[in-house]
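The values are calculated or read from the model by the stated rules, or taken from the named source; none is laboratory data. Values in this document were obtained by computation on a predicted structure and should not be read as measured data. Heads up, the Cβs are rebuilt from the backbone with ideal geometry, glycines too, and the neighbour counts pull from every protein chain shown. Note: accessible area is taken over every heavy atom of the protein model, side chains too, but ligands, DNA and RNA are not part of it. Shrake-Rupley method; radii C 1.70, N 1.55, O 1.52, S 1.80 Å.
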Amino acid sequence: MRGESEEMIDLLRDKVAELGLTNTVKVIKTGCFGFCEEGPIIKIKPDNIIYVKVKFSDVDEIFEQHVLRGHIVERLLSVDPETQETYKEDKALGFYKKQYRIVLRNCGFINPEDITEYIAVRGYEALAIVVSENTPEEVIEVIKKSQLRGRGGGGFPTGLKWELTAKHRRSDKYIICNADEGDPGAFMDRSVLEGDPHTILEAMAIAGYAIGASTGIIYIRAEYPLAIHRLEVAIKQAKEYGFLGDNIFESGFNFNIEIRLGAGAFVCGEETALINSLQGMRGEPTKKPPFPSEAGYKNMPTSVNNVETFANIPPIILNGPEWFSSIGTENSKGTKVFALAGKINNIGLVEVPMGTTLQEIVFDIGGGIIDGKKFKAVQTGGPSGGVITGDNLDTPIDYESLRSIGSMMGSGGMIILDEEDDMVAICKFYLDFSREESCGKCTPCRIGTTRMFEILERLINFEGTPEDLETLEDLAINIKNSSLCGLGQSAPNPVLSTLEYFREEYEAYAYRTKKTSYQIIGDKCIGCTKCSKVCPVDCITGSIKKVHIIDEEDCIACGACYTACPVDAIIKP
Amino acid sequence: MIVKNLKELRELCEAVGDHVHLRENGKSKDGSFIDILIGMGTCGLAAGALETFEQLEIVLKKKGLNHVNVISVGCVGFCHMEPTVQVNIPGKEPVIYGRITHDQVEKLVNKVIIDGGFLQENYLIKSFRRAVI
Ligand SMILES: Cc1cc2nc3c(=O)[nH]c(=O)nc-3n(C[C@H](O)[C@H](O)[C@H](O)COP(=O)(O)O)c2cc1C
């Protein structure tokens, strides 16, 4: 099929070139659309029409009829065998088909509170194989070979972390599952725990076997009651079946898991603060080294891994490390789960192979911007990350690429912003969060984030000055360089990245050139008077059937007129 | 019941696979039951999935449809379309419907389960594909 597709692509390119249409018609080779049984497939955008089982001889017709004339070639549309309806495009097709589900493979598919459903999808088989057929060193080797990297934000190689923890010979060792998930907008880990809790238990036991630990601890925020409940049920069932407890699969390996609740502080997601919190101390980070792999919980070697990282483990064991490392980009293997939120049509949880572009996530899977508004930026990495603008939408998602454009993978929250979003206000939101969540142990983070927040507030209230921008930048760089832990080191990122890409918005505040009043577009106004009737400060003038005008001085930007206007003739400031 | 080794586990996997096979390829050995899955993660519940769940049980009982199971599952990812419901009928590809609030339940049961039809307005996707393994 591949060869024929290539020929069709060449033919289409030739035709486009022949008619001199290279600027308006692009022929793009894409990955698999997902329904391989119907290939080769040609999709025409922006119409989103999909032609299936296209033959070389059909290309002419598609080009002549659809591309040039806009007529749909009905006979090549996919036909639903049951309803006999031809469907031009599945409503949810884009959302589903670009996804590749490893982590979320069982979410929405099995009953999380019924262990037999998990067993039926080969649950606990990876654990059984590992404890009865592999040495711990072999397990670590498999994970290293898969090139899995931590999904909690840092992207540290998981196999290496296990190896570092395994090499210390101490009486006790610990596996900790980091289920704190504190960044605003993120709900990936929660969904995995709620939808497939047994996977996490199984993976933790495998990790325990690999590093030589017999205790696992799940650190989860108390704000996730449903996830906690399902974990409790799962642990109980796993014990009944002998998947947890003593002498698992008669191998002599013992492993138990306990759940510990956190109070929901962002900083407690940081591994050293997490360990302090587990030990009943203040949730404050400590200096690294020593790393937890050497001296962690109770000063014993500890491997802290993220929920999503764990969810990748059983499939890697079952399918082999080569399978896993065949997915993704050179340095980032496998998939990543993202929580899409903000001004996007398909808000939801998606899992895509590393290397998928932001363009594909936002427009193909996410279905584009709500109300057909213009895309402005994507915020990734929450309070530790930055914004990605339209110019960088073709960036493939992986750890290094995102860092190179001033953002970060983070844990997977992705907030889509449209033309109406105010970047300074968004930064203020994140700084407010970081300032609140700073544990206060080190000065740069405690005082610095508050100062940054104050400057942003000043700017937004039109009380700032151009010098504030310099101070802001200075502070940001200093806090980044001198904070103790990742929270402070990354808290200035939202400001730095928006200063780079949207400096003019800051300047509009600093130089007080930002428009603060609503405006009426004369060409659109029908003179219905609805706006002037609702204006609470009577600053809209005009008579019936005549264009109305808003007095910019008096407008308080309440938005009442905007909502009242029946013809969208009013624009926001 | 303690599972002692890999062999026992694989036998158990085979023995309890009927419901999962129905969802995976439309073929259960038994072949007489229908599974309705409801996404009941936090997002689904917030959108009213529990009411949908309860209403489904009531409606199915009222109509004497004892061969239909209602099963709570995690989130499928369609947060913008919650509550989501997946209908698995033997021999057919599973269909996911969105926005099945409790007041849509009766319609769903009549049209999809009893008439064997399709609920066009709520239709999201029809596919066996959920994952790679
Ligand atoms: C402020 C801060 C918050 C963090 N929050 C989380 C979190 O919620 N979940 C998580 O897994 N890792 C979080 N991390 C990263 C952890 O310190 C640690 O790197 C991670 O749990 C390691 O797991 P991994 O190797 O599987 O990614 C956070 C780090 C910082 C600095």
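Total residues in the stretch A:463-478 satisfying the condition of being without any contact (Cβ under 8 Å) to a residue 24 or more places away in the chain and not in a helix (DSSP H, G or I): the figure is 1. Looking across A:SER191, A:SER132, A:SER146, A:SER171, one residue alone is more than 10 Å from the ligand (Cβ to nearest atom) and within 16 Å of the chain's Cα centre (by Cα). It is A:SER191. So, A:ASN276, is that one away from the ligand (no atom under 16 Å from the Cβ) and away from every other protein chain (no Cβ under 14 Å) or not? Answer is no for this residue.
Sort out for me the helices (runs of 4 or more DSSP H) sitting completely within the stretch B:39-132 that have 1 or more residues that are more than 14 Å from chain A (Cβ to nearest Cβ) and out of contact with any Pro (no Cβ under 9 Å at 6 or more places or on another chain). Result: B:49-62, B:105-108.
Elements of the type helices (runs of 4 or more DSSP H) sitting completely within the stretch A:90-173 and holding at least 3 residues that are open to solvent by 20 Å² or more (accessible area, probe 1.4 Å) and more than 30 Å from A:ILE347 (Cβ to Cβ): these cover A:125-133, A:136-146, A:158-166. Checked against (1) part of a helix (DSSP H, G or I); (2) within 27 Å of A:GLY153 (Cα to Cα); (3) away from the ligand (no atom under 16 Å from the Cβ), A:ALA238 meets all criteria but (2). Which of the residues belonging to the stretch B:14-25 are surrounded by fewer than 22 Cβ atoms within 10 Å (Cβ to Cβ) and within 12 Å of chain A (Cβ to nearest Cβ)? Answer for the stretch B:14-25, where residues must be surrounded by fewer than 22 Cβ atoms within 10 Å (Cβ to Cβ) and within 12 Å of chain A (Cβ to nearest Cβ): B:GLU14, B:ALA15, B:VAL16, B:GLY17, B:ASP18, B:HIS21, B:GLU24.
Pick from the stretch A:251-269 the residues that are surrounded by fewer than 19 Cβ atoms within 10 Å (Cβ to Cβ) and in contact (Cβ under 8 Å) with a residue 60 or more places away in the chain: which of them is farthest from A:THR116 (Cα to Cα)? Walk me through how you get there before you give the answer.
Our first condition is that a residue be surrounded by fewer than 19 Cβ atoms within 10 Å (Cβ to Cβ); within the stretch A:251-269, this holds for A:251-252, A:254, A:256, A:258-261, A:263-264.
Within this subset, residues satisfying the condition of being in contact (Cβ under 8 Å) with a residue 60 or more places away in the chain are A:251, A:264.
Numbers: A:SER251: 22, A:GLY264: 32 Å.
Going through the qualifying residues, I end up with A:GLY264.
On inspection, A:MET204 fails the criterion of being buried (at least 23 other Cβ atoms within 10 Å of the Cβ), within 14 Å of another protein chain (Cβ to nearest Cβ) and not polar (S, T, N, Q). Of all residues in the stretch B:32-91, those satisfying the criterion of being in contact with a helix residue (DSSP H, G or I) (Cβ under 8 Å, 6 or more places away or on another chain) and among the aromatic types (Phe, Trp, Tyr) are B:PHE33, B:PHE78. In the stretch A:423-439, the count of residues that are surrounded by 23 or more Cβ atoms within 10 Å (Cβ to Cβ), not β-branched (Val, Ile, Thr) and not in a helix (DSSP H, G or I) is one or more. Scoring A:LEU358 on the criteria (1) touching a Ser or Thr at 6+ places or on another chain (Cβ under 8 Å); (2) hydrophobic (A, V, I, L, M, F, W, C); (3) away from chain B (no Cβ under 14 Å); (4) closer than 26 Å to A:ALA265 by Cβ leaves a single failure, condition (4).
Can you give me the number of residues within the stretch A:238-283 that are among the polar types (S, T, N, Q) and more than 32 Å from the chain's Cα centre (by Cα)? Steps first, please.
Let us first name the residues in the stretch A:238-283 that are among the polar types (S, T, N, Q), namely A:247, A:251, A:254, A:256, A:272, A:276-277, A:279.
Next, from what is left, pick out any that are more than 32 Å from the chain's Cα centre (by Cα): A:247, A:251, A:254.
Result for the stretch A:238-283: 3.
When A:LEU261 is tested against (1) modelled with pLDDT of 95 or more; (2) within 13 Å of the ligand (Cβ to nearest atom), only condition (2) is not met. Residues of the stretch A:520-536 that are of a type outside the set (Asp, Glu) and open to solvent by 60 Å² or more (accessible area, probe 1.4 Å): A:LYS524, A:ILE526, A:LYS530, A:LYS533, A:VAL534, A:PRO536. When you look at A:LYS287, is it surrounded by fewer than 17 Cβ atoms within 10 Å (Cβ to Cβ), touching a residue at least 60 places away in the same chain (Cβ under 8 Å), over 20 Å from A:LEU148 (Cα atoms) and within 15 Å of the ligand (Cβ to nearest atom), yes or no? Yes. Please work out if A:VAL387 is more than 16 Å from the ligand (Cβ to nearest atom), part of a strand (DSSP E or B) and within 25 Å of A:PRO197 (Cα to Cα). Judged against the criteria, A:VAL387 is not a match.
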